[in-house]
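Asks: Pasting in a structure now, in C-alpha cells, and then I'll have a few things to ask.
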C-alpha cells in the first residue's frame, strides 16, 4: 500500500488518506480480506497523527470498504467489482447533485452548467 499525503492539498489529510485507500480498493491494488497496517503503524509510516488514520479508517468502515476485527486488525472488505462500481457511481452522483445545487444558487441554468462541463472536458484532452 502506497500513500502520499500533501500539506499543500486543499483536502484535509484524513480525506487524502481515505481517498487513496478507497482508490486502491476500487482498482484492485488492495484485495478483499487484505490486512491493513494498524492505525499506529500507518500513522508512523506516513508521518501523520493517529487521529488522522483513525478517522480515515472509521469513515471507510462506515462506507463498507473496510471492516475491523477486535484484537486482529482492520481489513479490506471483500466486495464484488459490480458493487464497488455502484458505490463509486453513487458517490459521484451525490457530488454532481451538490454541484447542480451550487450552480443553481449562483443563477446558472442546467444548460450553462453542461456547457461549462463540456468546456472543461475538452480542456482535459
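The values are calculated or read from the model by the stated rules, or taken from the named source; none is laboratory data. All of these numbers come straight from a predicted model, not from anything done at the bench. Every residue, glycine among them, receives a Cβ derived from its backbone with ideal geometry; neighbour counts consider all protein chains shown.
Asks: Taking the conditions exactly as written (outside the structural domain of residue 27 (by TED's automatic domain parsing) and under 23 Å from residue 28 (Cα atoms)), does residue 88 satisfy them or not?
Replies: yes
Asks: Something else about it: Look at residue 31 and say whether it is at pLDDT 95 or above and in contact with a strand residue (DSSP E or B) (Cβ under 8 Å, 6 or more places away or on another chain).
Replies: No: the conditions fail for residue 31.
Asks: Taking only pairs six or more apart or across chains, which ones have beta-carbon atoms under 7 Å, a first residue in segment 66-89 that is without any contact (Cβ under 8 Å) to a residue 12 or more places away in the chain, and a second residue that is crowded, with 16+ Cβ neighbours inside 10 Å and part of a loop (DSSP other than H, G, I, E, B)?
Replies: These pairs meet every condition: 67/77.
Asks: Any chance segment 37-59 includes a residue that's within 17 Å of residue 83 (Cα to Cα) and at pLDDT 95 or above?
Replies: No.
Asks: Identify all residues within segment 10-43 that are surrounded by fewer than 12 Cβ atoms within 10 Å (Cβ to Cβ) and assigned to a loop (DSSP other than H, G, I, E, B); write none if there are none.
Replies: Scanning segment 10-43 gives 10, 27, 28, 31, 33.
Asks: Here's something else I'd like to know. Against the conditions (1) surrounded by 16 or more Cβ atoms within 10 Å (Cβ to Cβ); (2) without any contact (Cβ under 8 Å) to a residue 40 or more places away in the chain; (3) in a loop (DSSP other than H, G, I, E, B), where does residue 5 fall short? Just the number, please.
Replies: (2)
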